[in-house]
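**Student:** Take this structure, written in structure tokens, and hold onto it; I'll ask about it next.
The values are calculated or read from the model by the stated rules, or taken from the named source; none is laboratory data. What you see is a predicted model; the values in this text were computed from it and never measured. Positions of Cβ are backbone-derived with ideal geometry, glycine not excepted, and every protein chain shown enters the neighbour counts. Note: areas computed on protein heavy atoms with side chains; ligands, DNA, RNA excluded. Shrake-Rupley method; radii C 1.70, N 1.55, O 1.52, S 1.80 Å.
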Amino acid sequence: MEYLNLVFDLLKNDFTEQPVIDGITVYEKSYTKSADTSLVMVKDKDGKWLLASGKGDLFDELEGTVIEGHGKVCPLSHENRLVLNRHFDYTAPRAFGTKQATMGLGDRLGIASPGHIETLRNRKVKPILAQQSIRELTLTNRSMNDMLDAASFAVFQEGYEGGFGADGDHIKEEKDIEYALSLGVSMLTLDCSDQIKKNIETASDEEIRSVYEKLSEENRNYFTERYLNRTFDVNGLKIEFDELTLMKNVLIYGEALDYTEHVYKEYIQKAGRDIDFELSIDETETVTAPVSHFFVANELKSKDVLVTSLAPRFCGEFQKGIDYIGDLEQFEHELSEHAAIAEYFGYKLSIHSGSDKFSVFPIIAKYTKGVLHVKTAGTNWLEAVRAIARIKPDLYRRMHAYALEHLDEALKYYHITPDMDSIVPLNSVTDDQLADYMNNDAARQVLHVTYGILLTAKDDKGGFLFKDEFFNALNENEEAYREALVSHIGKHVDLLNL
């Protein structure tokens, strides 16, 4: 680390000179001072480090190696992330409430957030940089702390003080809710798919009536008085419940509403800080009709449950990594009603699996009026794959072949319907055409859903087949990946008019 003396000298002189050091990246935007300590992030062949110079609490609290007479070299460890959070509040996640547009960016790799920050820095939308479900973390052998650490260090690296969020995404179990909140997430997305009844939508009228009659008389009277044959005016939108519609909604969503109330009052209200609480009712085959959306929202209000955002299951298909599949006219009609209901009750409409849904983004922008939450995740991984196709074609070829061979394993976790015949055989494509696979819907989806398999695959000796080579290539071409994200995520933001 012969460059250290030079950087430490620059720190002592408040970075009045522009550092140019062969083979070393000095992240100038990270340079900051706190009391008597100066701090900057650098990258060398061994990774990224915090360099601290000076004295005081910040200097003493950072863990690292002291270079006598110069300063301290500190790893990007979990413990040092917590130190940054204590001394620089902009490196800790925060809640944004119901009036601020937000975008969940889901950095599955832990290296995408700098590109995300650059994309959204001067936009009307705030980034939820840390967003991964328990499923995604499990598939990539990451922890929730890994997710939070990566986001905070990216914020520090980029000197971004505009605020970011961290989402405990699609959490179902109470133990995971409690754990995520204990780590400091600023947003929690409650996935109620296990409590949403999946057999009611296809049941006969007689079967529905039979099940409904088994509810207590008190329950049935409650819903009858509140909804039956009533018309609700939702800012000009008329919502009505006949007997069958009411029974179906009570049976489909009743348990989910009770669970949401329990989670809200047991965990969100008792957190002692602001939490953006999102309810997800989209992880199911049951399409959320506008009348059902109203029913859920109205019952949440009656239970004194305040949600920041709510994610319905829209008509058509929001499959991973590709554009919307479905009738655009029907989508616009129903989306306008969903947006009106969300506005009426005072929360944000949330769009899940929102990456690459370019055909419907202008519709969503029109009716949400710039106040929404949209989740993306896999598209950031796909841009990394595209970058690999360009900078390391042999690695891409091996990953592509492995993904095809192991697709059935991934389909245990994801629903996609790719036209496999549309994927051009790998041996017929030249190296300079490999990146075009990321323009083909089927190829995108295959690579999208096999991310966990690809990043954890090992050879007979226990070494990673792709992971180390993959990350090394991206770290050596940091700017290429950043530029790809700025372009691709930027397209999302432009079409959403954010």
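**Student:** Rounded, prolate or oblate, given the Cα gyration tensor of segment 210-323, with a/c below 1.5 counting as rounded? Can you show the working numbers first?
**Tutor:** Numbers: a/c = 1.62, a/b = 1.17, b/c = 1.38.
Because a/c hits 1.5 or more and a/b fails to exceed b/c, segment 210-323 counts as oblate.
**Student:** In terms of the Cα gyration tensor, with a ≥ b ≥ c the square roots of its eigenvalues, is segment 415-498 rounded because a/c is under 1.5, prolate because a/b exceeds b/c, or oblate? List each step's numbers first, then the result.
**Tutor:** Details: a/c = 1.68, a/b = 1.21, b/c = 1.39.
Verdict is oblate for segment 415-498.
**Student:** Express the carbon and sulfur contribution to the solvent-accessible surface of the chain as a percent, rounded to the nearest whole number, probe 1.4 angstrom. The partial results should precede the final answer.
**Tutor:** Details: 9780 of 21480 Å².
Carbon and sulfur together cover 46 percent of it.
**Student:** If I fit a long axis through the Cα atoms of helix 174-183 and take the longest principal axis of the Cα atoms of the chain, what angle between them do I get, 0 to 90°, rounded to 10?
**Tutor:** It works out to around 40 degrees.
**Student:** Residues with beta-carbon under 14 Å from that of residue 115, excluding residue 115: net charge, scoring Lys, Arg +1 and Asp, Glu -1? Please list the in-between numbers first.
**Tutor:** On the way: positive: 29, 108, 121, 123, 386, 482, 491; negative: 107, 118, 158, 383, 478, 479, 483.
Result for the local shell: 0.
**Student:** Search the structure for amide H atoms under 5 Å from the amide H of residue 234, placed 1.01 Å from N in the peptide plane, and list their residues when 5 or more places away or on another chain.
**Tutor:** Counting only residues 5 or more places away or on other chains, the set is 239.
**Student:** Moving on. Show me the ranking of peptides 147-155, 430-438, 35-43 by mean Cβ neighbours inside 10 Å, starting with the highest. Walk me through the numbers on the way to the answer.
**Tutor:** Values: 147-155: 25.0, 430-438: 15.2, 35-43: 20.0.
Per-residue mean Cβ counts within 10 Å order the peptides as 147-155, 35-43, 430-438.
**Student:** Also, I was wondering about something else. Consider just the alpha-carbon atoms of segment 297-366 and return their Rg together with their Dmax, both in angstrom.
**Tutor:** Rg and Dmax of segment 297-366, Cα atoms, are 12.9, 38 Å.
**Student:** Taking residue 33 as the anchor, which lysines have their alpha carbon closer than 30 Å to its alpha carbon, excluding any fewer than eight residues away along the same chain?
**Tutor:** List returned: 12, 43, 45, 48, 55, 72, 124, 126.
**Student:** Which ³J(HN,Hα) values, rounded to whole Hz and listed in residue order, are derived for segment 144-152 from phi using the Karplus coefficients 6.51, -1.76 and 1.60 in 6.51 cos²θ - 1.76 cosθ + 1.60 with θ = phi - 60°, glycine and proline given as x?
**Tutor:** My calculation for segment 144-152 gives 5, 5, 4, 4, 5, 4, 4, 5, 5 Hz in order.
**Student:** What accessible area, in Å² to the nearest ten, does a 1.4 Å probe give for residue 301?
**Tutor:** 130 Å²
**Student:** Would you please put 72-79, 453-460, 90-97 in order of how densely packed they are, using the mean number of other Cβ atoms within 10 angstrom per residue and starting with the highest? Working shown, then result.
**Tutor:** Details: 72-79: 17.1, 453-460: 14.9, 90-97: 19.2.
Going from most to least packed, we get 90-97, 72-79, 453-460.
**Student:** If we count every other residue with Cβ under 9 angstrom of residue 200's Cβ, Lys/Arg +1 and Asp/Glu -1, where does the sum land? Spell out each step's value before the answer.
**Tutor:** Working: positive: 197, 198, 248; negative: 201, 207.
Surrounding charge for residue 200 is +1.
**Student:** For segment 322-481, what is the relative contact order in percent, using Cα pairs closer than 8 Å and at least 6 residues apart in sequence?
**Tutor:** That works out to 22 percent.
**Student:** When Cα extents along the principal axes in Å is calculated directly from the model, which label among (1) 85, 48, 47; (2) 72, 62, 39; (3) 80, 59, 43 fits?
**Tutor:** Checked against the structure: label (3).
**Student:** Still on this model: For segment 225-285, just run the numbers: alpha carbon Rg, then divide by 2.2 N^0.38 Å, N being how many residues it has.
**Tutor:** Values: Rg = 15.3 Å, N = 61, 2.2 N^0.38 = 10.5 Å.
Relative to the rule-of-thumb radius for its length, segment 225-285 sits at 1.45.
**Student:** Can you list which of the trypsin sites (Lys or Arg not before Pro) found in segment 189-283 are DSSP loop residues with at most 10 other C-beta atoms within 10 Å?
**Tutor:** On the way: sites: 197, 198, 209, 214, 220, 226, 230, 238, 248, 265, 270, 273; in loops: 197, 198, 214, 230, 270, 273.
Loop-located and lightly packed - 214, 270, 273.
**Student:** Can you run phi through the Karplus equation (6.51, -1.76, 1.60; θ = phi - 60°) for segment 340-348 and list ³J(HN,Hα) in whole Hz, with x for Gly and Pro?
**Tutor:** Here the 3J(HN,Hα) series is 5, 5, 4, 5, 4, 8, x, 10, 8 Hz.
**Student:** As a quick test, which of the pairs 172/265; 172/467; 172/366; 99/375 have an alpha carbon distance above 22 angstrom in this structure? Before the final figure, lay out each step's value.
**Tutor:** Details: 172/265 16 Å; 172/467 29 Å; 172/366 32 Å; 99/375 17 Å.
Checking Cα-Cα distances, 172/467; 172/366 exceed 22 Å.
**Student:** Can you tell me the orientation of helix 217-227 relative to the chain, as the angle in degrees between its alpha-carbon axis and the longest Cα principal axis, to the nearest 10?
**Tutor:** Approximately 80 degrees, to the nearest ten.
**Student:** In terms of solvent-accessible area of protein heavy atoms at a 1.4 angstrom probe, what is the ranking of 317, 161, highest value first? Intermediate values should be presented prior to the final figure.
**Tutor:** Numbers: 317 60, 161 130 Å².
Solvent-accessible surface, decreasing: 161, 317.
**Student:** Could you do me a favour and compute the accessible area per residue for segment 363-498, 1.4 Å probe, result in Å²? Each step should come with its number before you reach the end.
**Tutor:** Details: 6150 Å² over 136 residues.
On a per-residue basis, segment 363-498 sits at 45 Å².
**Student:** Further question on the same structure: In what order, largest first, do 381, 49 sit by accessible area if the probe radius is 1.4 Å? Display every interim value, and only then the final one.
**Tutor:** Details: 381 5, 49 55 Å².
Largest to smallest exposure gives the sequence 49, 381.
**Student:** Any chance you could give the angle, 0 to 90 degrees and rounded to 10, that helix 243-263 forms with the longest Cα principal axis of the chain?
**Tutor:** 40 degrees
**Student:** Can you tell me the length gained on complete extension of the stretch residue 210 to residue 328, counting 0.36 nm per residue apart and subtracting the Cα distance?
**Tutor:** On the way: separation 118, 0.36 × 118 = 42.48 nm, distance 3.67 nm.
Gain in length upon complete extension: 38.8 nm.
**Student:** Oh, and also: How much accessible area per residue does segment 202-298 have, counting only protein heavy atoms and a probe of 1.4 Å, in square angstrom?
**Tutor:** 50 Å²
**Student:** Check which residues have an amide H placed less than 5 Å from residue 372's amide H, if you skip close sequence neighbours.
**Tutor:** 101, 102
**Student:** Can you tell me the accessible area per residue over segment 7-79, all protein chains present, probe 1.4 angstrom, in square angstrom? Present the calculation step by step, with values, prior to reporting the outcome.
**Tutor:** Details: 3810 Å² over 73 residues.
On a per-residue basis, segment 7-79 sits at 52 Å².
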